[in-house]
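Here the structure comes first, spelled out in structure tokens, and everything after it is commentary.
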Amino acid sequence: IVDYITQNVVITCVLTTQSQFQAGLMVDWYQNGTLVDTSGNIQISTMNLNATTTESILTITSLVVDNAGMYYCAAQIIALLNSEEAVSDVITIDVTGPPAPIVTISPVGPIVDYITQNVVITCVLTTQSQFQAGLMVDWYQNGTLVDTSGNIQISTMNLNATTTESILTITSLVVDNAGMYHCVAQIIALINSEETMSNVINLQVIGPPTPVVRIDSENPITDYITQDVSITCLVTTLDIFQDALNVDWYQDGTMIGTNGNIQISTMNLNTTTTESILTITSLVVDNAGMYHCVAQIIALINSEETMSNVIT
């Protein structure tokens, strides 16, 4: 019999004798030639199944290394003089250490993402079904147990009888989230259970990308009083940041908005390109000056402004 530490083992000895001798039958159990000690984790129960058959059961609860050895039972009719002992075959119990879980992590690193984005790392653990309830999973960042009091959440669930999934989610990345991540699994119910560590994922957190901004109009613009003028600003950014894009217009270094004879309209041309148009209706002398637009991803911490070329 080969079994793991903390598991239970049952060995059964069946004895047959004539009915008139059954009451005088004595059964003993031996481990490595020595009478079994029932003061610890071994129990022995003996009962008559019928008039000629007796069953003796040796139960070992929560195996330990000392339970390993050669077991057999011996029967004797003690009421009879010179009764010979009958000895069973020998059963060998090998007690092995607990099985280490199999641990895999995804995605295959490294992960490079922007500040304020979300990241998900998944750890999948496989073990034998009888050990799943005792499985413990921990996550580490740079060798230290992950702190879940901030923007990191960990959820663990059983997918089936042998597979457990643990998911680490980082919401709105910050610079401190950068580092080396791995998970560790252990069967905590087992004595001397070894930890199994996953591969390491390198998470790199980079600053937000700056939009590409340009004025798509002739320069300089010369026009008459009362004429209309339009200046177009084209901004290109990653599609995930487009909804957070903010475009401002400046005249001679001062921010301007829709006011008086100036109107500003901004719209997305596609998933990565935004167009902002400044229209001056019926030019007046005060409209003369240096114009430029500035784009910024306002949802991102430390997002840099990007300024267009200047139109006169």
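Exposed loop sites here are GluC sites (Glu not before Pro) in DSSP loop states with at most 14 other C-beta atoms within 10 Å. What is the longest stretch of the chain lacking them?
86-193
What nm distance separates the two modelled labels at VAL212 and ASP66, each placed 7 Å from Cα along Cα→Cβ?
7.5
What nm distance separates the two modelled labels at ALA100 and GLN130, each placed 7 Å from Cα along Cα→Cβ?
2.1
In whole percent, and with a 1.4 Å probe on the protein chains, what portion of the accessible area of region 163-245 is carbon and sulfur?
Within region 163-245, the accessible surface is 48 percent carbon and sulfur.
Using Cα pairs closer than 8 Å and at least 6 residues apart in sequence, work out the relative contact order for the chain, in percent.
14
Chymotrypsin sites (Phe, Trp or Tyr not before Pro) within region 205-287: which are DSSP loop residues with at most 13 other Cβ atoms inside 10 Å?
Answer by residue number: TYR224.
Note down the magnitude of the dipole of the chain about its Cα centre, charges +1 on Lys and Arg C-beta and -1 on Asp and Glu C-beta and zero elsewhere, to the nearest 20 debye.
420
Just want the answer: with Cβ charges of +1 for Lys and Arg and -1 for Asp and Glu, which residue in LEU135, HIS182, ASN82 is farthest toward the dipole's positive end in region 56-196?
HIS182
When only Cα pairs under 8 Å and 6 or more residues apart are kept, what is the percent relative contact order across region 44-133?
Once divided by the residue count of region 44-133, the mean separation gives 19 percent.
The values are calculated or read from the model by the stated rules, or taken from the named source; none is laboratory data. Because the structure is predicted, anything quoted here is derived from the model rather than measured. No Cβ is skipped: glycine too gets one built from the backbone with ideal geometry, and neighbour counts run over all protein chains shown. SASA here: full protein model, heavy atoms, side chains in, ligands and nucleic acids out. Shrake-Rupley method; radii C 1.70, N 1.55, O 1.52, S 1.80 Å.
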